[in-house]
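Visitor: Once you've had a glance at the structure underneath, I'll fire off some questions.
No lab work stands behind these numbers, since they all come straight from the coordinates. The shown structure was predicted, so the numbers you read here are calculated from the model rather than taken from an experiment. Glycine gets a Cβ as well: all are built from the backbone with ideal geometry, and neighbour counts include every protein chain shown.
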Amino acid sequence: MSDPNRKAPDVTDTVNSTRPAPPPPVALVNPANRNEGAPRGGDEQVLRLEDVSIFYGDYQAVRGVDMTIGRHQITALIGPSGCGKSTVLRSLNRMNDLIPGARVAGRVTFHGEDLYARDVDPIEVRRRIGMVFQKPNPFPKSIYDNIAYGPRVTGMKVSNMDELVEKALRRAALWDEVKDKLKQSALALSGGQQQRLCIARTIAVSPEVILMDEPCSALDPIATSKIEDLMFELSRDYTIVIVTHNMQQAARVSHRTAFFTAEVDEQGERHGRLIEYDTTNKIFTNPAQKRTEEYITGRFG
Amino acid sequence: MSTTSTPPAPHAANPRHRPSLSQRRSRPGEVLFKLALQFCLLVAFAFLVALIAFAVIKGWNRLDPRLWQEMPTGAASRVARAGVQSAITGTLWVIGLTAAICLPIGIASAIYLEEYADNTRWYNRLLELNIQNLAGVPSIVFGILGLGLIARVIGLGFTVITAAIVLSLLVLPVVIIASREALRAVPRSIRQASYALGATRWQTTWRQVLPAAVPGMSTGAILALSRALGEAAPLILLGAVTFIRFNPDSLLSSYTTLPIQIYNLIKEPQAEFQELAAAAIVLLLVILLVLNSAAILIRNKFQKRW
């Protein structure tokens with residue numbers, strides 16, 4: 001199952017595969033995808049969405065999403081603004097619970113367990129499925145306390161907190177930059193460092209999955225490339241789902257890409273839909289759907 | 001560049017016709033508006049300065065240790081040896097108790113409304129609306145409530161605790177509203193970060209949101225307590241006008257407070273009483289100032305941790 005050199009099977013989970021013939025391959029963003037030969041966790045499914053619709057009050061923000069997320073893969077969710085990709089992401093660790101009126105229909109399963117079953121504890125869900133946000137949001141505390149916060153509140157049995165903090169920071173490629181100022185405020189770090197601190201903080205509670213909601217959109221290109229290196233590195237041990245506006249980023253880092261867009265239904269309401277989901281290589285070189293092609297070639301969105 | 005669509009910028013064609021930037025024009029409206037704003041500020045400030053100056057000058061002779069070392073007197077012959085000690089201790093008792101009652105309740109209510117309540121529910125919105133209404137209820141009404149319910153029905157009488165409960169009720173809406181503002185000012189991203197790490201709502205509130213809200217809350221708390229400190233109307237109904245020549249020693253002691261004592265002194269015809277009243281006013285202002293400084297200290301202490 002975990003043969004490191006094995007490539008993910010080329011499953012075509014294409015939604016709406018009714019279109020007669022796929023469009024001819026076009027010159028697209030050149031996916032210098034370094035993940036092609038990367039180790040994979042095989043085809044084990046970690047998360048599975050079945051006919052998932054997400055509502056805010058009466059408004060259906062996302063309609064009928066089916067997709068699976070494989071272990072130790074980086075899955076990118078792309079699409080124009082307002083297509084519901086962040087909403088889908090937040091439904092994977094029940095962050096939507098914090099928005100009054102938000103509701104999920106359909107089934108989201110984590111290793112076969114329904115995340116929205118009555119007896120599921122959202123606190124436990126979030127401990128297993130961590131999240132990194134768009135804007136770096138370190139706590140107004142020291143670097144050390146930022147990392148130690150998660151283990152403390154979740155009651156992890158930690159024999160040596162210093163060691164855990166160091167490990168998390170090393171894992172997030174931040175240790176060398178901050179090892180002499182662990183007691184200083186995290187707010188004094190640069191934006192890119194703050195975001196890596198947020199990733200380190202997430203790693204510190206040893207989640208299985210890390211969700212990233214446009215983690216680089218507030219960062220400069222150098223900081224972005226560091227985070228991308230880090231994601232690639234982390235995908236050996238973690239399953240990563242990333243929402244991004246940046247198609248090159250999706251092409252660079254992800255194994256699989258899901259393309260979402262907003263559709264207007266008969267009542268004139270906009271809903272986010274999953275249009276196509278496939279290996280990143282396929283999405284960027286030979287998409288099955290015309291809209292996917294139009295989006296990634298920059299003709300809309 | 002474009003020959004058809006975009007018209008050229010007005011002065012681009014002929015640089016010699018470009019107006020110089022160095023022609024500063026006077027704008028009378030701008031100046032007038034600024035002057036009007038400064039005038040309004042001056043009015044508020046001038047009155048404050050006048051008030052303090054007036055009280056200090058009038059009470060100068062009595063601004064000495066007698067003020068807090070001696071008890072009040074009713075006799076003009078003994079006024080030279082009189083002070084307002086029982087009013088000071090009474091005020092400290094009442095305000096201390098008021099703080100102990102209204103701050104925990106007010107902050108807890110604010111936490112519920114901000115962090116826990118689902119404000120799409122009608123009852124939570126009704127609660128909110130009524131808290132705002134309560135803030136506008138005249139203080140004498142609270143005095144009547146205290147007299148009827150707390151002093152008589154519950155039977156706590158004209159005591160320190162009755163006064164503290166009534167003043168707590170009076171300033172509670174202010175504490176709640178100010179604390180909610182402070183909680184709301186804490187960025188949502190901090191809460192999300194905490195939840196995303198598997199923290200519970202209580203852990204998030206206690207470890208992240210509250211510490212970040214303390215500076216704002218302390219400011220609101222001090223404002224509320226300052227209001228309670230200067231409040232006289234409800235206490236008139238609650239026995240504070242009684243002539244008291246001893247310090248309170250328990251929750252069930254009789255008491256008087258500085259604002260009431262000042263009122264009593266000013267009623268007397270002799271100039272010595274007026275002087276004592278002015279000195280007591282200065283003292284009241286000093287207590288207010290100390291309270292405010294405490295608020296600033298708390299605020300700075302908590303901000304330094306960031």
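Visitor: Compute a Gaussian network model of chain B, connecting alpha carbons closer than 10 Å, and tell me which residue from B:Leu156, B:Leu238, B:Leu37 fluctuates the most.
Guide: Of B:Leu156, B:Leu238, B:Leu37, the most mobile in the Gaussian network model is B:Leu37.
Visitor: Okay, next question. When Cβ neighbours within 10 Å are restricted to other protein chains, what is their mean count per residue of peptide A:151-158?
Guide: Values: counts 2, 4, 11, 5, 2, 1, 0, 0.
Across the residues of A:151-158, the mean count of other-chain Cβ atoms within 10 Å is 3.
Visitor: Using the charge dipole of chain B (Lys, Arg: +1 at Cβ; Asp, Glu: -1 at Cβ; taken about the Cα centre), state which of B:Ala278, B:Gly148, B:Gln203 has its Cα farthest towards the positive end.
Guide: Result: B:Gln203.
Visitor: Whole-Hz ³J(HN,Hα) for each residue in the range B:31-40, computed from phi via Karplus 6.51 cos²θ - 1.76 cosθ + 1.60 with θ = phi - 60°, x for glycine and proline: what do you get?
Guide: With coefficients 6.51, -1.76 and 1.60, one gets 5, 4, 4, 5, 4, 4, 4, 5, 4, 4 Hz.
Visitor: Determine the shielding of peptide B:188-195 by partner chains: average, over its residues, the number of Cβ atoms on other chains within 10 angstrom of each Cβ.
Guide: Working: counts 2, 7, 4, 2, 7, 13, 6, 9.
Whole-number average of other-chain Cβ neighbours for B:188-195 is 6.
Visitor: Report, by chain and number, residues whose modeled amide H sits under 5 Å from the one on B:Glu70, excluding near sequence neighbours (fewer than 5 apart, same chain).
Guide: HN-HN under 5 Å from B:Glu70: B:Gly83, B:Val84, B:Gln85.
Visitor: For A:Ile74, B:Ile95, which order do you get if you count the other beta carbons within 10 Å of each Cβ and list the fewest first? Kindly include the intermediate steps, with their values, before the conclusion.
Guide: Numbers: A:Ile74 28, B:Ile95 22.
Least to most surrounded, the residues fall as B:Ile95, A:Ile74.
Visitor: For A:Ile242, list long-range residues whose amide hydrogen, built 1.01 Å from N in the peptide plane, is under 5 Å from its own amide hydrogen.
Guide: Counting only residues 5 or more places away or on other chains, the set is A:Thr75, A:Ala76, A:Leu77, A:Met212.
Visitor: Quote to one decimal, in nm, the extra length available between A:Ala188 and A:Met156 on full extension: 0.36 nm per residue of separation minus the C-alpha distance between them.
Guide: This chain segment gains 8.7 nm when fully extended.
Visitor: Sticking with this one: Tell me, what is the percent relative contact order of the range A:50-165, built from C-alpha pairs under 8 Å that lie six or more residues apart?
Guide: Numbers: 108 pairs, mean separation 25.3, N = 116.
Computed value for the range A:50-165: 22 percent relative contact order.
Visitor: Right, another one. Pull up the cross-link candidates among the lysines for A:Lys183, meaning alpha carbon to alpha carbon under 23 Å and not fewer than 8 places away within one chain.
Guide: A:Lys135, A:Lys141, A:Lys157, A:Lys167, B:Lys301, B:Lys304
Visitor: So, in nm, how far is label B:Trp122 from label B:Ile140 when the simple model puts each one 7 Å beyond its Cα toward the Cβ?
Guide: Each label point is offset 7 Å from its Cα along the Cβ direction, giving 3.6 nm.
Visitor: Under the rule a/c < 1.5 gives rounded, and otherwise a/b versus b/c splits prolate from oblate, where does chain B land using the Cα gyration tensor? Mind dumping the intermediate values first?
Guide: Numbers: a/c = 2.81, a/b = 1.51, b/c = 1.86.
Judged from the Cα gyration tensor, chain B comes out oblate (a/c at least 1.5, b/c at or above a/b).
Visitor: Still on this structure: Using Cβ counts within 10 Å as a stand-in for footprinting exposure, how do B:Lys267, A:Lys226 rank, fewest first? Kindly include the intermediate steps, with their values, before the conclusion.
Guide: Values: B:Lys267 9, A:Lys226 19.
Arranged by neighbour count, lowest to highest, B:Lys267, A:Lys226 become B:Lys267, A:Lys226.
Visitor: Can you list residues from other chains, or at least 5 along the same chain, whose modelled amide H is less than 5 Å from the amide H of A:Gly106?
Guide: A:Ser53
Visitor: Sorting check: for B:47-59, B:70-82, which peptide has the highest mean count of neighbouring beta carbons within 10 Å, and how do the rest follow?
Guide: Values: B:47-59: 13.2, B:70-82: 14.8.
My ranking of the peptides, most packed first, is B:70-82, B:47-59.
Visitor: Taking the Cα centre of the range A:135-261 as the origin, how large is its charge dipole in debye, to the nearest 20, when only Lys and Arg (+1) and Asp and Glu (-1) carry charge on their Cβ atoms?
Guide: Details: 16 positive and 15 negative charges, 43 e Å.
Magnitude of the dipole: close to 200 debye.
Visitor: Same structure again: Compute the relative contact order of the range A:124-271 as a whole-number percentage, counting only Cα pairs closer than 8 Å that sit 6 or more residues apart in sequence.
Guide: Numbers: 199 pairs, mean separation 44.4, N = 148.
Relative contact order here is 30 percent.
Visitor: Which chymotrypsin sites (Phe, Trp or Tyr not before Pro) in the range A:237-301 pass both tests, a DSSP loop state and at most 12 other beta-carbon atoms within 10 Å? Provide the component values of the computation, followed by the final result.
Guide: Values: sites: A:Tyr238, A:Phe259, A:Phe260, A:Tyr277, A:Phe284, A:Tyr295, A:Phe300; in loops: A:Tyr238, A:Phe300.
Here the sparse-neighbourhood loop sites are A:Phe300.
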